[in-house]
Structures are given as C-alpha cells and as structure tokens.
Amino acid sequence: MDGTQLMQAAQTHICETYTRHDLVLVRGSGCRLWDADGREYLDFVGGIAVCNLGHCPDDLADVLSRQARQLVHVSNLYYTEPQVRCRAPHRLLLRDKVFFGNSGAEANEAAIKLARKYSRERHGAAATGSSP
C-alpha cells in the first residue's frame with residue numbers, strides 16, 4: 001500500500017480525532033524520521049513525550065524485546081519482580097512508594113485521591129469538603 005492508499009484507508013477506517021498531516025512515516029532512528037517517499041525529517045514532537053529517548057534506541061529495543069519474551073503486561077492485581085525492583089521513580093521524588101498506572105485517566109484519578117488524602121491529613125476533613 002503506498003502513502004496515498006494508506007491515508008485513504010485511514011480516513012475510511014479510523015475516527016478523525018485529530019487533523020492529520022499528509023505525511024506517512026515509515027521508520028525512525030534517534031531524532032530522525034523517514035516518510036514513505038524516503039524524505040528525512042527531524043522529529044521535534046518526540047511522539048508527544050512518548051519517544052523522548054528518540055526512535056529505536058538499541059538499548060531500549062533490546063530491553064523491550066527481552067521483556068516481551070517473558071511478560072508483556074501484568075495487572076497490578078499480581079506481583080512481578082521487575083515492578084518491585086523499579087525504584088528509580090520514587091528515588092527521584094524522594095518518596096517511599098511508587099504508583100504504577102495503566103493510563104492517564106488512572107494517573108489523574110490517583111493524583112486527585114492523593115491530593116485529597118494529603119489535604120485531609122494536613123488540614124482535616126473540612127478542607128476537602130468531605131466527611132472522614
């Protein structure tokens with residue numbers, strides 16, 4: 001499927017939640033991307049903060065590949081060694097515990113609950129507008 005056919009298929013089968021650019025990207029390396037016609041671009045978007053390490057870094061690809069051969073995803077209902085060993089986030093925040101979430105909505109919900117808990121502990125139930 002060439003670039004034009006791919007864009008037409010996308011318009012037919014994918015909800016239009018964003019206005020897309022007429023650009024079909026096919027590969028990336030570091031901060032560079034290439035389109036279906038072989039043109040090279042510098043990526044200043046970084047996958048909207050998803051690819052802030054660049055595209056296809058060898059070390060990351062190796063780690064992801066190894067992990068995908070063991071477990072791709074495990075719910076927080078169960079224990080895994082990599083999750084317990086992952087101490088970097090809370091070390092950076094100087095906290096004792098870390099919260100693992102599966103989505104932005106879950107992260108926002110946790111942030112609201114933590115703010116309410118902090119406010120209740122610091123200022124009492126009246127500060128949050130809820131009963132204890």
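The values are calculated or read from the model by the stated rules, or taken from the named source; none is laboratory data. Only a predicted model underlies this, so the values are computations on that prediction, with no experimental measurement involved. Accessible surface is based on the protein model in full, side chains and every heavy atom, while ligands, DNA and RNA are left aside. Shrake-Rupley method; radii C 1.70, N 1.55, O 1.52, S 1.80 Å.
Counting 0.36 nm for each residue step from LYS117 to SER75 and taking away their Cα separation leaves a gain of 12.7 nm.
The heavy atoms of ARG39 offer some 130 square angstrom of accessible surface to a 1.4 angstrom probe. Does region 7-76 classify as rounded, prolate or oblate by the C-alpha gyration tensor (a ≥ b ≥ c root eigenvalues; a/c under 1.5 gives rounded; else a/b over b/c gives prolate, otherwise oblate)? Cα axes put region 7-76 in the oblate bin.
Rg and Dmax of region 30-69, based on Cα coordinates, read 12.0, 34 Å.
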